[in-house]
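As structure tokens, the structure follows; a few thoughts come after it.
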Amino acid sequence: MKLSRVRAIAKKELIQVLRDPLSLAMAFLMPVILLLIFGYAITMDVNNLRTVVYDMDRSSFSRELVAQFRESGYFTVIESVERHGGIDTSLDMSRGQVALWIPADFSENLRRGKRAELQAVVDGSDSNTATIALGYVEAVTERFSQRIKGGLITPPIDTRVRVWYNSELKSRNYIIPGLIAVIMAVIAALLTSLTIAREWERGTMEQLISTPVKTPELIAGKLVPYFFIGFIDVALSVAMAVFLFGVPLRGSLLLLALISSIFLFGGLSLGILISVVARSQLVASQIAMVVTFLPAFLLSGFMYAIANMPLPLQNMTRVIPARYFVSVLKGIFLKGNTLGLLATETLILTLFGVVVFALANRKFKKRIV
């Protein structure tokens, strides 16, 4: 392989990209826009649950209980109703997500040392939010019960919980790193999926075939400019994650750059392979979206835990490179992992890039013979 030929092909490809505003927009604006949209739209945090209160007791105890819900930060009392039907109406019209019904004998039972009842009704149309809301209700009522007891009963176990790596349990801290991996998987394949197909559509591929440029030189030359573009996209995404979304970067920036480069190489090679097979820019872009976005979004562990998937799907995720890049980014961002801890993921991403690059070379040779 002669570097002069690779450099010539790379220069030619770079000139084509610079002359194509659409390609430039897709290269630089698309990752930023996707990260902004998904970064703000996707959240697993459940706060400010719209709460309706039906207080039949109207005592100091019931008011203190409602105040506990308000002060928790998880519930926002939007209205107090005067009859039980008001709860039905509020939930039916989706005004409220949680309803609290405090019976008339609530304070009387507390004074007598009896068990006081509180009914919490949760809108289960969103099962995830409903499950979390029930946990919040139980936590608030348990704290209220302890205050009423006055600490007279000492629990047999003193549990002290510490959360590592994401102490505030902000979903954004683990969603954004995974989101970067998904976006880069899509962008890398899209960038190069059009290169070979564009040459066929414009009728310039025959000219390239007639030159002394060898297949590996042509493929490598096509990759080089998009590699630097993709690396700039990674840098922009990381900067947005840290400075815009406030995600902590506890690991080595140099290690992040190294493994991102390996992942980009594999993604760009996949795009070249798609472009070689498709020979049409429209078809190539559609294939690139299907084989990157859906697997990366659904099967990489970005949104859904791989351990909770059926065994066949768990095995399928092993061939999806985004799975390993998601693990790498979360490890570097949140845990400060070193290369030793990420060696397996790095090796698999390297192997994927080499194999796909070799397949692209082999497939392109068959096409031009």
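Every number here is computed from the coordinates shown, using simple stated rules; none is lab data. Computed from a prediction, not measured in an experiment: that's the story for all the values here. Cβ sites come from the backbone with ideal geometry, for glycine too, and all protein chains shown count toward neighbours.
What separates the Cα centres of region 1-80 and region 218-257 is a distance of 19 Å. Candidate cross-link partners of LYS12 among the aspartates and glutamates, defined by an alpha-carbon separation under 20 Å and a same-chain spacing of 8 or more, comprise ASP20, GLU199, GLU201, GLU206, GLU217. Translational diffusion of region 16-102 was estimated from the Stokes-Einstein equation, with Rh taken as the Kirkwood radius over Cα pairs; at 10 °C and 1.306 mPa s the coefficient is 97 µm²/s. Note on the chain: Kirkwood hydrodynamic radius from all Cα pairs is 24.3 Å, rounded to one decimal. Magnitude of the charge dipole for the chain, about its Cα centre and with charges confined to Cβ atoms of Lys, Arg (+1) and Asp, Glu (-1), is about 1800 debye. In plain terms, the residue of GLU201, GLU168 with the fewest other Cβ atoms within 10 Å comes first and the most crowded comes last, giving GLU168, GLU201. Along its first, second and third principal axes, ordered by size, region 49-149 spans 38, 26, 20 Å in Cα coordinates.
Amide H to amide H distances under 5 Å link PHE75 with ASN48, LEU49, where only residues 5 or more positions off or on other chains count and H is placed in the peptide plane. Measuring nothing but how far apart in sequence close Cα pairs (under 8 Å, 6+ apart) lie, relative to its length, region 49-149 scores a relative contact order of 32 percent. What the Cβ-Cβ distance of VAL355 and ASN48 gives, at R0 = 51 Å and to the nearest 0.05, is a FRET efficiency of 0.60. Per-residue Karplus couplings for region 244-250, computed as 6.51 cos²θ - 1.76 cosθ + 1.60 with θ equal to phi - 60°, are listed in order as 9, 9, x, 7, x, 10, 9 Hz, Gly and Pro entered as x. Principal axis extents of the C-alpha atoms in region 210-359 (largest first, rounded to whole Å): 52, 36, 29. The helix-based estimate of mean residue ellipticity at 222 nm for the chain, built from -39,500 (n - 2.57) per DSSP H run of four or more residues and divided by its residue count, is -21000 deg cm²/dmol to the nearest 500. Centre-to-centre separation between the Cα atoms of region 305-369 and those of region 188-203: 24 Å. Antiparallel beta bridges, as assigned by DSSP with both residues in the chain, represent about 30 percent of the total such bridges. Converting phi to 3J(HN,Hα) with the Karplus coefficients 6.51, -1.76 and 1.60 and the offset θ = phi - 60°, region 281-298 yields 5, 5, 5, 4, 5, 5, 4, 4, 5, 5, 7, 10, 5, 4, x, 5, 6, 9 Hz in sequence order, with x at every glycine or proline. When the chymotrypsin sites (Phe, Trp or Tyr not before Pro) in region 273-320 are filtered for DSSP coil states and for at most 14 other beta-carbon atoms within 10 Å of their beta-carbon, the remaining sites are TYR304. Sorting 70-76, 178-184 by average packing, meaning the other beta carbons within 10 Å per residue, from highest down gives 178-184, 70-76. Along region 178-192 the Karplus relation, 6.51 cos²θ - 1.76 cosθ + 1.60 evaluated at θ = phi - 60°, assigns HN-Hα couplings of x, 5, 4, 4, 5, 5, 5, 4, 6, 5, 4, 5, 5, 4, 9 Hz to successive residues, with x for each Gly and Pro. A crude spin-label estimate for the pair TYR40 and MET309, with each label 7 Å from Cα along the Cβ direction, gives 3.1 nm. Only beta bridges with both residues in region 49-149 are counted; by DSSP, about 30 percent of them are antiparallel.
A Cβ-based charge dipole, computed about the Cα centre of region 49-149 with Lys and Arg at +1 and Asp and Glu at -1, lands at about 460 debye.
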